[in-house]
Amino acid sequence: MNNSKPVFSVVMPLYNVEKYVENAIDSVLAQSYEHFELICVNDGCTDNTMRIVREYEDPRLKIVEQKNMGLAAARNTGINHASGIYIALLDSDDAWAVNKLQKHFKHFRENPGLGVSYCASRFIDEDGYDMGIGQYPKLSNISAVDIFCRNPIGNGSAAVIRHSMLTSLSEVRVRDGRYRTSYFDEDFRQSEDVEFWLRAALSGSWEFAGIEDELTYYRVNASGLSANLDKQFAAWKASVNKNRALNPGFFKKWYSLAEAYQKRYLARRAIQSRNSLAALKWLSSALLSNWRIVWNEPSRTLATACCALLSWLPASLYSAMEELAMHVSDFSRQQRIGGKV
């Protein structure tokens, strides 16, 4: 690659990810589209992460240091050091397919009004093995309602953002006595993505669209599955309520449905961590928030209810049934993509 301005700036926050960081960096440096810079933001690592990162000699990799300030702040720091036309986010425990940037470059070129380009994601476990499932979101005609209720972007590592969009949504704040340009709200330690996507969607100035290819490998960590679901819900509420003043009428019409979908999501997280009681609690609360999740997505809501009930079975039996269901679901999806059914 020559010394011209990069087309993509890949922003990778780092905090104690010595187990995964090499895989994440390698997946970026192996991209078929080579016009990028990789900005690794050290968010106060205390393990061997930075020793691993500093072993790389690729001139496209840059290291930026900051004290520990959290994911949102690390992303903001990386963006403030970025010179690319597009900002690609990658969490340091995830990875990319080799043609991810190439696909997104084509997507942006074909859609001049596109602000956020995202893709389908494949789930991998803590050891990097394919789990047989993934996120396959709605790809086109994305409205603010879609962003609020269903968040088709799914995870931060799937998203590539036009730099000019970030600039248009930036805020200048004072932190530690200094002016600082921020894009993701640094007050949030969870759901900072949700807040930003909704703020962008409500601005009405930018389009969201997806790519059907599985270009992101999203790692599912046991620690994430066992995280406090009540705190996750509180973080989600705080993140969306921050934007309520932008369009009170929109929130009045759609908040209860968005809340129902979020509670159903938490029920599925509880199922994955085998917390049967919590799963039933969140699902029943979702139905009380807005029953339309049954009407809008009957199969998915019914499947959640069935899994919540089945999770009471012995662990070995439930795990066998879950694995079978994953394989059947994945085979069915592959058949549909191939046009065979």
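Every read-out reported here was derived from the displayed coordinates using simple, explicitly stated rules and does not represent laboratory data. Values in this document were obtained by computation on a predicted structure and should not be read as measured data. Don't worry about glycine lacking a Cβ; one is built from the backbone with ideal geometry, like all the others, and counts go over all protein chains shown.
What to note about this one:
- Candidates Met69, Met12, Met50: whichever shows maximal mean-square fluctuation once the chain is modelled as a Gaussian network with Cα springs under 10 Å: Met69
- Compared with the dominant Cα axis of the chain, that is its longest principal axis, helix 100-110 is turned about 90°.
- Angle in degrees between helix 298-310 and the longest Cα principal axis of the chain, rounded to the nearest 10: 80
- Label-point gap, in nm, between Asp58 and Lys19 - each point 7 angstrom along Cα→Cβ: 2.3
- Among beta bridges from DSSP that stay inside the chain, the antiparallel ones total about 35%.
- Using bins of 10 Å that start at zero, the share of Cα-Cα pairs per bin across the chain amounts to 5, 24, 34, 26, 10, 1, 0, in whole %.
- Each Lys and Arg Cβ is given +1 and each Asp and Glu Cβ -1; about its Cα centre, the range 193-295 then shows a dipole of about 580 debye.
- Net length gained if the chain between Ser285 and Arg180 were fully extended (0.36 nm per residue, minus Cα distance): 33.8 nm
- Amide H within-cut-off set for Lys62, under 5 Å, with H built and near neighbours excluded: Leu38, Ile39, Cys40
- Of all stretches in the chain that contain no trypsin sites (Lys or Arg not before Pro) in a DSSP loop with at most 10 other Cβ atoms within 10 Å, the longest one is 68-339.
- Spin-label model, Val294 to Thr46: label points 7 Å out along the Cα-to-beta-carbon direction sit 4.9 nm apart.
- Using the Cβ-Cβ distance between Lys67 and Asp127 with R0 = 30 Å, the FRET efficiency computed as 1/(1 + (r/R0)^6) comes to roughly 0.45.
- GluC sites (Glu not before Pro), loop per DSSP, at most 12 other Cβ atoms within 10 Å - longest free stretch of the chain: 58-341
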